[in-house]
Amino acid sequence: MKTTMRLAETIHLTRTGLVALAVLGIVMMLVCPSAVMAQDVSAVFDSAGTQYERGDYPAAVALYTDLLDQGYDDPVIWYNLGNAYFKAGQLGRSIKAYLRARRLAPRDPDINANLQFVRLYSADRLDRSGRLFVLGWADTISRWLTLNEWMTLAGALFFTLCLLASLKLWLFPRGRAGWYWLGVGGFVWLLVLGGGFRHYRDEYVLRRGVVTVAETDVRGGPGEDYTLQFTGHDGLVFTIDRVESDWLLVTFENGVKGWVASSAIEPI
């Protein structure tokens, strides 16, 4: 009987060990490729930085772009790509990279400073004086947080308001002052929600683009036969309204509309 019990225990331990080894093998299969991949990403990133320091900016651009193509949507990669593009003399693509970096890290001082700096090199100076001040203020506020931060803040405020309203009904059902402050809180919540929706609209719904060639014609219609309105240059940013054949109807930052050839731009 004892022998049988020991044999059963041995069989049980053997099975347990096999299961443990199988689980460990699966874990290693999942973890090891991730570790190798992380090392590969780090190596490519370091190599891109080395190429940048050597002054081989096209090689740095190719390496950073490869990382982005693999799905590493990281503000540091976009920021470094913007630097490399600018050094390579590609102003429009540099602005695009900085804008993508700002979407992911809107309060980063280096990203914002470099974006403002490179835009000074744009040959086009659009007059935005006719734009309402409140719209510019709203744009600035909505870009202060990422979309996830806006939604998290709105959710936290909503939960807090619901909790305070419940406490008000339970502890002070007859007082009016509490409802006043809850109303103020509700107004603030609506402002936060509006900021989040505006950020989502500006960064993810509106299709934006930038001129990436030295210069391109902006015409009154979708074709070379239409009137030339003005000549746009590398780094000119706009919103895409409509696509017709190989032409895009766009709205520039000063509100002026025009048609540009799709071969002269890149979407942001």
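Taken together, the values in this text are just the output of simple stated rules run on the coordinates, not laboratory data. From a predicted model like this one, the values you see are computed outputs, not experimental measurements. Cβ sites come from the backbone with ideal geometry, for glycine too, and all protein chains shown count toward neighbours.
Tell me, Glu215, Glu203, Glu224 in order of fewest to most beta-carbon neighbours within 10 Å? Please list the in-between numbers first.
Values: Glu215 14, Glu203 20, Glu224 10.
So the ranking, lowest neighbour count to highest, is Glu224, Glu215, Glu203.
Using 0.36 nm per residue of separation minus the Cα-Cα distance, give me the extension gain between Arg201 and Glu224 in nm, one decimal.
Values: separation 23, 0.36 × 23 = 8.28 nm, distance 3.21 nm.
Taking 0.36 nm per residue and subtracting the Cα distance, the gain is 5.1 nm.
How about Lys87: which aspartates and glutamates have a C-alpha closer than 13 Å to its C-alpha, ignoring those fewer than 8 places off in the same chain?
Glu53, Asp56
About its Cα centre, how strong a charge dipole does the stretch 207-267 have in debye, to the nearest 20, once Lys and Arg get +1 and Asp and Glu get -1 at the Cβ?
Values: 5 positive and 10 negative charges, 54 e Å.
With Lys and Arg at +1 and Asp and Glu at -1, about 260 debye.
Rank Ser245, Ile265, Gly209 by how far each Cα sits towards the positive end of the charge dipole of the stretch 207-267 (+1 on Lys, Arg Cβ; -1 on Asp, Glu Cβ) and give me just the farthest.
Gly209
Zone of Ser42 (label point 7 Å along Cα→Cβ, backbone N under 19 Å): which residues in the stretch 65-80?
67-68, 72-77
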